[in-house]
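Each value in this text was obtained by applying a stated rule to the coordinates, not by laboratory testing. Computed from a prediction, not measured in an experiment: that's the story for all the values here. Cβ atoms come from the backbone with ideal geometry, glycine included; neighbour counts cover every protein chain shown.
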Amino acid sequence: MTTTLTAPRTRWRGTDVFTQVLVLTQRSLRTLVSDPRMIVFSVLQPLVMLTLFSQIFASIANTPGFPTGVSYIDFLMPAILVNTAIQSALQAGVGLVTDMKNGVLARFRSLPIRVGSVLVARSLSDLVRTAAQLVLMMLFAIVIFGFSPAGGVGGVLAALALSLAVGWGLGWVFLAIASWLRNAELMQTVGFLAMFPLMFASSAYVPVGALPGWLQAVANVNPLTYAVDAARALCLAHPVTGVVSALTISAALGLVGWVFAVRGFRRPL
Amino acid sequence: MNDLMIKASDVGKAFGDRQALDGVSIAVPRGTVLGLLGHNGAGKTTLVNVLTTMLPPDRGTAEVAGFDVVREAHQVRSRIGLTGQFAAVDEGLSGLDNLVLIARLLGASTREARARAAELLELFDLVDAAKRPSRTYSGGMRRRLDLAASLVGHPEVIFLDEPTTGLDPAARLGLWEVVERLVTDGTTVLLTTQYLDEADRLADSITVLAQGRVVATGTSAELKAQVGQRSVTVTLADRSDLPKAQEALERAGLHPVPAADTLTAPVTSSRELAVVVRALDEVGLEATELALGEPTLDDVYLTLAAHAA
């Protein structure tokens, strides 16, 4: 044989951060495309919620305190978008833990690439995945449930972008948790325990005014209320108030998540 | 000219209050194979992790390919290859895509990356499976892909951490041949193993680690001479007699080491079997089983423990 195993013709000495992120993002997306069941299954849960809630709570639209002239599906859908983005953020953490477990990250660590590149790539590919999920959910809602809010296409797309931003910020929190816990089951449990009550103790499914007093207090300080209110205002063409708060909170979460994720990730496997 | 490709001086690393590495120094000249021999927990993997920049040492310094593993980690990483105990491949990607990914991350263009991947797939007999997701690969194929992945960047130094653990004999032999070719190409190899025969076959020099310390260094021949040729294992009918038997053997000038219900003592020749029998007879004990063993890693430990005592 003429080829040598190691003797170099050219020696590669590593590459710039941009290429690292690009190549690593492509890698995660390729895994996603090779197994699209992940996307399909990940929209099942929000779809079930959408179906159940739109039927069970439909009569809430006739109660006092509910915005007049708004159908429940138009009220509900923005919350479902935010919820889907949040579930998806949790999956970002789970994905990172999976990479740690199957040894791919150990390989990356022995290569001349930056820790941050691996995390940014993970986060970017999850952003793409979340966008795909949100669009899919939106189509379901429009075609099957007759979602057609007053905000029109522009409002809906703005709400979608906002949900994406919220999910992205929160995704960094879960990446941080993942790089410290390093355990998928624990991640799922922590995520579920944190997010499930927060989702209900917010303006997501019923107007805050319809909640019991103590829950109203929780809902009013719950960051998810800001996100849901903002997404809803965009969809329903209501005066938009919460967008800046929602984006600020997400950016803050993202920043804190980034700092802890990089620190946690640097620790030896 | 200083041509040491791996140089570690007094490297220490503790996990909590367990001292995983306690002042380890090694030196590996270019184009040679160092066999790092030791049981589980001896510190082999920790040392590999320090040398491959994955784990910063608590004390001491280490250089690989002339670069400091802490301050110049980036330079070290572009010159080494690592194959760990578990195949570190992306199961969602095909074998081809796995290798292209590594090459791209090392700085190859897409074209160069594809060419290098094709070359390695050929060499490791993975051409037919190149486009299948690696999650469908058998254990042996995965390990081959993993090894191929560690060679993508034409590394100057390769770390093989128990590369043959869990491989069948044929695959083990295949891997040995690959290592021999690497050395022919001028690559420096650090190989950790629990098997004396593996180190014997591949390594130019062997370092024995126990409890985070270097307990012996030398060529295979030198170590064997130090180990003694054989050891005798004594099994007694009643295990409560073990302390008595141990005393008797010690009086006879041997260095027995007790296990659960046996005593093992290194011997220099088979004639010492008679010494054992006589010593036991003097205290009125009889062995139900007397076994003469060829030198193993255990014997290296036993001997070294006896020397230390």
Problem set entry | Within the protein assembly as shown, percent of DSSP bridges classed antiparallel, to nearest 5 | 65 percent
Exercise. With labels modelled as points extended 7 Å from the Cα through the Cβ direction, what inter-label distance (nm, one decimal) is found for A:Val33 paired with B:Ala221?
Worked result: 5.9 nm
Exercise. How do B:83-94, A:170-181 rank on mean C-beta neighbours within 10 Å, highest first?
Worked result: A:170-181, B:83-94
Problem set entry | MRE, 222 nm, helices only [DSSP H, n ≥ 4, -39500 (n - 2.57), over chain B, to nearest 500] | -11000 deg cm²/dmol
Exercise. How do A:250-257, B:285-292 rank on mean C-beta neighbours within 10 Å, highest first?
Worked result: A:250-257, B:285-292
Exercise. In whole Å, what three semi-axes, largest first, describe the equivalent ellipsoid of the protein assembly as shown built from its Cα gyration tensor (square root of 5 times each eigenvalue)?
Worked result: 60, 29, 20
Problem set entry | Cα-based helix-to-principal-axis angle, B:272-282 vs chain B, degrees rounded to 10 | 40 degrees
Problem set entry | Positive-end residue, the range B:230-293 charge dipole about Cα centroid, Cβ charges, pick of B:Val276, B:Ala260, B:Ala245 | B:Val276
Exercise. Could you give the Stokes-Einstein D for the range B:126-192 in µm² per second, using the C-alpha Kirkwood radius, 37 °C, 0.692 mPa s?
Worked result: 258 µm²/s
Exercise. Going by average Cβ neighbours within 10 Å, how do the peptides A:196-203, B:146-153, A:95-102 rank, with the highest at the top?
Worked result: B:146-153, A:95-102, A:196-203
Seminar exercise, completed: Env charge @ A:Leu76, Cβ radius under 14 Å, K,R +1 / D,E -1, value -1
Problem set entry | Charge dipole (debye, nearest 20) of the range B:230-293; +1 at Cβ of Lys and Arg, -1 at Cβ of Asp and Glu | 240 debye
Exercise. Over all residues in A:16-24, what is the mean tally of Cβ atoms on other chains that come within 10 Å of each residue's Cβ?
Worked result: 2
Problem set entry | Shielding of B:156-168 by partner chains, average beta-carbon count, 10 Å | 1
For this session: With unit charges on the beta carbon (Lys/Arg positive, Asp/Glu negative), name the residue among A:Phe57, A:Ala230, A:Met195 whose Cα is farthest towards the positive pole of the charge dipole of chain A.
Result: A:Met195
For this session: Sum -39500 (n - 2.57) across every DSSP H segment of at least 4 residues in chain A, then divide by the residue count to get the 222 nm mean residue ellipticity, nearest 500.
Result: -25500 deg cm²/dmol
Exercise. Angle between the Cα long axis of helix B:110-123 and the longest principal axis of chain B, 0 to 90 degrees, nearest 10?
Worked result: 40 degrees
Exercise. What percent of all Cα-Cα pairs in the range B:4-224 falls in each 5 Å bin, counting up from 0?
Worked result: 1, 7, 15, 18, 20, 16, 12, 7, 3, 0
Problem set entry | Whole-number Å³ per residue for the convex hull built on Cα positions in the range B:230-293 | 67 Å³
Exercise. For the range B:216-286, which trypsin sites (Lys or Arg not before Pro) are both in a DSSP coil and crowded by at most 13 other Cβ atoms within 10 Å?
Worked result: B:Arg271
Seminar exercise, completed: In terms of the charge dipole of the range A:58-188, which places +1 on Lys and Arg and -1 on Asp and Glu at the beta carbon, the residue among A:Trp172, A:Gly69, A:Ala161 farthest towards the positive end is A:Trp172
Problem set entry | Kirkwood Rh and Cα Rg combined as Rg over Rh, evaluated for chain A | 1.05
Problem set entry | Kyte-Doolittle mean at least 1.6, axial Cα span of 15 Å or more - DSSP H helices of chain A | A:115-145, A:152-181
